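Right, I'll just put the structure down here and ask away after.
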Amino acid sequence: MNLKMLHSYLLTKKGTTEETPFGPAVLVFKVMGKMFALIARQESPLRITLKGDPDLALTLRHQYQAVQPGYHMSKKHWNTITLNGTVPEEVILAMIDDSYRLVVKSLKKSDRRRLEDEKGLQ
């Protein structure tokens, strides 16, 4: 999985914006102003940080060496995945989907309604 593929997939999520609040080396993807993904785009191999259910986050860390506690994030709720080919693409995409859903679920009811009304949810 490369940067172009990740970037394209993340932007398919409804209401997603891309920002660089930490400088040009880190792409931050938000839904309704809330972060759900970060890409360390100048790292080789690439790294992506995603929000996750705490129990699932631990399971993934045990299952894949490339999945580690979130770098500079809450270790309970965030995982950083090194994209070195050891985590299957479908698992990474599912982790992105879960991160997006968790963040949307945590939005204020009015923001969720606005997101659904404007664009629908994936």
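Take Val91 and decide whether it is without any contact (Cβ under 8 Å) to a residue 60 or more places away in the chain, within 16 Å of Leu6 (Cβ to Cβ), touching a helix residue (DSSP H, G or I) at 6+ places or on another chain (Cβ under 9 Å) and surrounded by fewer than 17 Cβ atoms within 10 Å (Cβ to Cβ). Let's see the steps before the verdict.
Values: without any contact (Cβ under 8 Å) to a residue 60 or more places away in the chain: yes; within 16 Å of Leu6 (Cβ to Cβ): yes; touching a helix residue (DSSP H, G or I) at 6+ places or on another chain (Cβ under 9 Å): yes; surrounded by fewer than 17 Cβ atoms within 10 Å (Cβ to Cβ): yes.
Here the answer is yes, as Val91 does meet what is asked.
Please give the number of the condition Ala25 fails out of (1) exposed (fewer than 12 other Cβ atoms within 10 Å of the Cβ); (2) on the phi > 0 side of the Ramachandran plot; (3) of a type in the set (A, V, I, L, M).
Only one criterion in (1) exposed (fewer than 12 other Cβ atoms within 10 Å of the Cβ); (2) on the phi > 0 side of the Ramachandran plot; (3) of a type in the set (A, V, I, L, M) is unmet by Ala25, namely (2).
Would you check which residues across region 35-54 are under 14 Å from Ile96 (Cα atoms) and surrounded by fewer than 17 Cβ atoms within 10 Å (Cβ to Cβ) and list them?
Just the residues of region 35-54 that are under 14 Å from Ile96 (Cα atoms), to begin with: 35-39, 47-53.
Passing the criteria: only Asp53.
In the list Thr80, Thr59, which residue meets the criterion of being β-branched (Val, Ile, Thr), surrounded by 15 or more Cβ atoms within 10 Å (Cβ to Cβ) and out of contact with any helix residue (DSSP H, G or I) (no Cβ under 7 Å at 6 or more places or on another chain)? Spell out how you get there, then give the answer.
Values: Thr59 fails: surrounded by 15 or more Cβ atoms within 10 Å (Cβ to Cβ).
Only one candidate passes the filter, namely Thr80.
Sticking with this structure for a sec: If you go through region 46-64 one residue at a time, do you hit one that is under 20 Å from Lys30 (Cβ atoms) and without any contact (Cβ under 8 Å) to a residue 12 or more places away in the chain?
no
Somewhere in region 91-100, is a residue in contact with a Pro (Cβ under 8 Å, 6 or more places away or on another chain), modelled with pLDDT of 90 or more and of a type in the set (D, E, K, R)? Show your work before the answer.
The first filter runs over region 91-100 and keeps only residues in contact with a Pro (Cβ under 8 Å, 6 or more places away or on another chain), leaving none.
No: region 91-100 contains no residue that is in contact with a Pro (Cβ under 8 Å, 6 or more places away or on another chain), modelled with pLDDT of 90 or more and of a type in the set (D, E, K, R).
Right, here's the next one. Consider only pairs whose beta carbons are under 6 Å apart and that are at least six residues apart or on different chains; among these, list those whose first residue lies in region 2-17 and is touching a residue at least 12 places away in the same chain (Cβ under 8 Å) and surrounded by 14 or more Cβ atoms within 10 Å (Cβ to Cβ) and whose second residue is outside any helix (DSSP H, G or I) and among the charged types (D, E, K, R).
Matching pairs, first to second residue: Leu3/Arg41; Lys14/Lys119; Gly15/Lys119.
While we're looking at this one, here's another question. Just to be sure before I move on: is Gly33 in contact with a Ser or Thr (Cβ under 9 Å, 6 or more places away or on another chain), at pLDDT below 90, closer than 30 Å to Arg114 by Cβ and not basic (Lys, Arg) in the structure I sent? I'd like the intermediate steps shown before the answer.
Numbers: in contact with a Ser or Thr (Cβ under 9 Å, 6 or more places away or on another chain): yes; at pLDDT below 90: no; closer than 30 Å to Arg114 by Cβ: yes; not basic (Lys, Arg): yes.
No.
The values are calculated or read from the model by the stated rules, or taken from the named source; none is laboratory data. From a predicted model like this one, the values you see are computed outputs, not experimental measurements. With ideal geometry, Cβ positions are generated from the backbone for all residues, glycine too; neighbour counts draw on all protein chains shown.
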